[in-house]
Structures are given as C-alpha cells and as structure tokens.
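Enquirer: Sharing a structure with you now.
Values quoted throughout were computed directly from the atomic coordinates according to the rules given, and no laboratory measurement underlies them. Please read all numbers here as calculations on a predicted model, not as lab measurements. Here the Cβ positions follow ideal geometry from the backbone for every residue, glycine too, while neighbour counts run over all protein chains shown.
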Amino acid sequence: MTTTVTSYEIPLEPNPQTFQIALAGVTYSVTLWWSTAGNCWNISIADSNQVPIISSIPLVTGMDLLEPFAYLEFGGQLVVQTDHDITAIPTYTNLGTTSHVYFVVTTVTTVVPTAAQNIYFGGSTSSDLPGGKIGFDPPPRGESG
C-alpha cells in the first residue's frame with residue numbers, strides 16, 4: 001500500500017475575489033472576502049451554478065477547514081499556512097503572498113499482484129515447488145527431518 005499526499009496551492013491575492021476552480025475534478029465557485037468584524041479572511045464555496053455549498057468559513061491555520069463538511073466529499077483538505085509561522089492567520093495584506101491556501105489530496109494505492117506469488121520460494125504457481133505443493137508439509141510427529 002502506498003500513500004501519496006499532493007498539495008495544490010490555490011492562487012490568491014490580498015483582495016476580495018470570486019473565481020472558479022477545479023478541486024478533485026469538480027468545478028467550484030470560490031469567494032474570499034475580508035471580515036472587518038472578525039479581522040480575518042473568509043471563504044465561501046458554491047457549485048459551478050453559484051448554488052452555495054458552504055459559507056463564511058474563517059481562514060484559520062492548524063486544521064482542515066473542510067473537515068466539518070466531510071459528508072460533502074470534497075475529495076481533499078483545505079489548509080491555510082503562513083510562511084515562517086505556520087500558526088499565523090493571514091492578514092489583510094499577506095493573503096496569497098506569505099499566507100497560502102492549499103487543497104491537499106491524499107491518495108492510497110494498493111498494489112494487487114497479477115499472479116499469486118509463492119511466499120516461500122517466490123514462484124507463481126504450485127508447480128514451481130518440489131512436489132507441486134505450496135509451502136511445505138511438516139514431518140509427522142515423532143520423526144526427525
């Protein structure tokens with residue numbers, strides 16, 4: 001089993017903005033704006049037809065912003081991180097420059113062998129073994145081998 005983690009930075013500017021982006025193969029409309037009351041950036045995500053999916057999530061660090069919405073199956077995590085201080089939330093002026101928003105996708109791949117491999121001798125069939133057996137038969141009790 002192999003686990004691969006891939007991070008995609010969402011290109012942003014320190015300005016309120018609305019744009020469309022494909023995340024895990026699905027196109028969404030994303031809106032970011034500065035909340036003066038909360039003193040933070042907020043994000044809302046809608047489908048490609050502008051139908052709201054989630055609204056007004058503050059861009060905070062240290063967590064997957066989509067975790068409370070796992071049932072919506074976005075296909076990844078939304079993570080915020082600031083250069084040189086991973087716990088610092090984005091400021092009004094550093095969003096997209098030193099504060100970044102990432103969509104993180106984790107893929108688990110299971111390798112399935114194409115032929116049954118003999119775990120004792122590396123052969124692919126029982127005929128590869130002496131006597132045509134997979135594994136071995138222990139000697140009967142009382143006999144030494």
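Enquirer: Where does the charge balance sit around I57 when Lys and Arg score +1, Asp and Glu -1, over other residues with C-beta under 13 Å from its C-beta?
Expert: -2
Enquirer: Hey, if you put +1 on the Cβ of every Lys and Arg and -1 on every Asp and Glu Cβ in region 2-109, which of Q20, L66, V105 ends up farthest toward the positive end of that dipole?
Expert: Q20
Enquirer: Determine the dipole magnitude for region 2-109: charges of +1 sit on the beta-carbon of Lys and Arg, -1 on that of Asp and Glu, nothing else is charged, the reference point is the Cα centre, and the result goes in debye to the nearest 20.
Expert: Magnitude of the dipole: close to 100 debye.
Enquirer: If you don't mind, there's one more thing I want to ask. Need the full-extension length gain, V51 to Q17, defined as separation in residues times 0.36 nm minus the C-alpha distance. One decimal, nm.
Expert: 10.5 nm
Enquirer: Another question, then. Which chymotrypsin sites (Phe, Trp or Tyr not before Pro) does region 1-104 hold that lie in a coil by DSSP with at most 15 other beta carbons within 10 Å?
Expert: Listed in order of number, the matching sites are Y92.
Enquirer: Using the Kirkwood formula over every pair of different C-alpha atoms, what hydrodynamic radius in Å results for region 2-109?
Expert: After inverting the pairwise mean of 1/r, the radius is 14.2 Å.
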